[in-house]
Amino acid sequence: MFLDDLKESASLEMVNLVLQMRARGEPVISLAPGDPSFNTPKEIIEVAYKSMLGGDTHYVYSYGTPDVREAIVRKVAKKNRIKASLENAIFVTAKTSVFASFAAVAARGYEALIPDPGYFYSEPVILTGGKPVRYKLSKSFNLDLDEIKKKTTPKTRAIMVNTPSNPTGTVFDKSELKELYDFCASKGIYILSDEAYEDLVYTKDHVSIGSFEKKPRYVLSIYTLSKSYSMTGWRSGYVVGPEDRVERINKLLEHTVTCYPPFIMRASAYALEKGQKFIEQFKAEYVKRRKLLNDRMDEIPALKPTEVEGSFYAFPSYSTRMSSRDLSLALLSEQKVAILPGTAFGPAGEKHIRICFAGSEENISKAMDGMKAFFSKRA
Ligand code: PLP
């Protein structure tokens, strides 16, 4: 595997265009990246600051400090109903977790199933010497077990599941997750469960597929503090999985990053133990933003939204005769509004756009004014 084989991150084209336009002084409203408009709560920042002043500025154990790993084990027991011990937990940024988890289950020439549409999982599979095989989600963007069975081969080592889902906003039911778990366990296939948006659910409860196990055996559960606590810049996350796979992730960290910063871990442990109030405050705001975006999408006949059950993304289809990439570029140049084309998330994302509502209500409103004008010209 060579880095030449990798494509640029699909969302970066839009992000780079926005940066270039802003550098030219053009005012762009971006509902493209999934970065909350809120700053990290001051209480969490203060813990990191005090930790630095107190001398937490040295190398630490690559698995993570004992306090953050203990906080992770307690958190997943309470919130995710995952029965784990310290050996099952490692502190690692979610994006790196995706890569490291594929690396931890990889075998020479392996295949990994990834959702279509879905988050950016194909390049991490390629990076770990595997072949990404896309499985289509159902019409309502739920799991389609027949499709998954069809795409499974003797080389399939892992399947990626993402609920609540980016970009579709779908939250999978317990029954479909259980069916998937039973199928994978019967075949010895690892499940990588990306639960980055576990705290942002509006119409359903979030179920962790790892909760079906007596102890982690086939499921590697991936979490981040980025979205729950508005901590995207901290690079704070963790994996809970089978001990031998977590050991492999640790080996990867030892040879690459060495360890994450201890003051980040100290603040993360605090957030996991004491931060439920922040999650609730942020979620109350997202509930308002979700409603605002829904109301505004309803004013545009060309858009056909599906219900956002979780995450902070809407993924409407549209009737205009343009590819999603052309539409996104035209919207950006004509109205100075940035969103992401559905095809950034795989071929099944065609004829969809992803609109993020993690920004302020004012920005959502202004962007939707631009979108309304854009579509009404093409009606
Ligand atoms: N997984 C999903 C589904 C995401 O949407 C994101 C970020 O947007 C990540 C993982 C990566 O999270 P982090 O930025 O905390 O590494």
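Key figures
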| read-out | value |
| --- | --- |
| Extended-chain gain in nm, criterion 0.36 nm per residue less alpha-carbon gap, S140 and H255 | 37.2 nm |
| Stokes-Einstein diffusion coefficient of the chain, Kirkwood radius over Cα pairs, 10 °C, 1.306 mPa s, in µm²/s | 74 |
| 17 Å Cα-Cα reach of K155 towards aspartates and glutamates, excluding residues that sit fewer than 8 places from it in its own chain | E111, E147 |
| Cα centroid separation, region 202-238 to region 336-357 (Å) | 24 |
| Sum of side-chain charges, Y202 neighbourhood, beta-carbon under 9 Å (Lys, Arg +1; Asp, Glu -1) | +1 |
| Listed residues K150, K274, K288, most fluctuating in the chain (Gaussian network, C-alpha, under 10 Å) | K150 |
| Positive-pole candidate from T232, M322, G310, dipole of region 189-337, charges at beta carbon | T232 |
| Neighbour cut-off at most 12 other Cβ (10 Å), DSSP loop, trypsin sites (Lys or Arg not before Pro), region 191-245 | K214 |
| Accessible surface of the chain, 1.4 Å probe, proportion on carbon and sulfur as whole % | 52 |
| For the chain, built as a Gaussian network whose Cα springs stay under 10 Å, the top-fluctuating residue of G54, G210, G109 | G54 |
| Spacing of the two label points (7 Å from each Cα toward its C-beta) at S85 and R22, in nm | 4.8 |
| Total charge dipole magnitude, the chain, about the Cα centre, Cβ charges on Lys, Arg, Asp, Glu only, Debye to nearest 20 | 340 |
| Probe 1.4 Å, accessible area per residue of the chain, Å² | 44 |
| Cross-link table K79/K204; K150/K204; K204/K283; K139/K372; K136/K351; K227/K283, entries beyond 19 Å C-alpha to C-alpha | K150/K204; K139/K372 |
| Neighbour cut-off at most 13 other Cβ (10 Å), DSSP loop, trypsin sites (Lys or Arg not before Pro), region 15-108 | R24, R81, R108 |
| Alpha carbon centroid spacing (whole Å) that separates region 254-282 from region 70-131 | 18 |
| Computed label-point distance, nm, for sites L6 and N294 using a 7 Å Cα→Cβ extension | 3.9 |
| Simple Cβ-charge dipole of region 59-274, Lys/Arg +1 and Asp/Glu -1, about Cα centre, in debye nearest 20 | 180 |
| Degrees, to the nearest 10: 276-298 long Cα axis against longest axis of the chain | 30 |
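The values are calculated or read from the model by the stated rules, or taken from the named source; none is laboratory data. Predicted model only: the values in this text are computed from it and were never measured. When we count neighbours, we look across all protein chains shown, and the Cβ atoms used for this are built from the backbone with ideal geometry, even at glycine. Quick note on the areas: whole protein, heavy atoms, side chains included, nothing else; ligands and nucleic acids left out. Shrake-Rupley method; radii C 1.70, N 1.55, O 1.52, S 1.80 Å.
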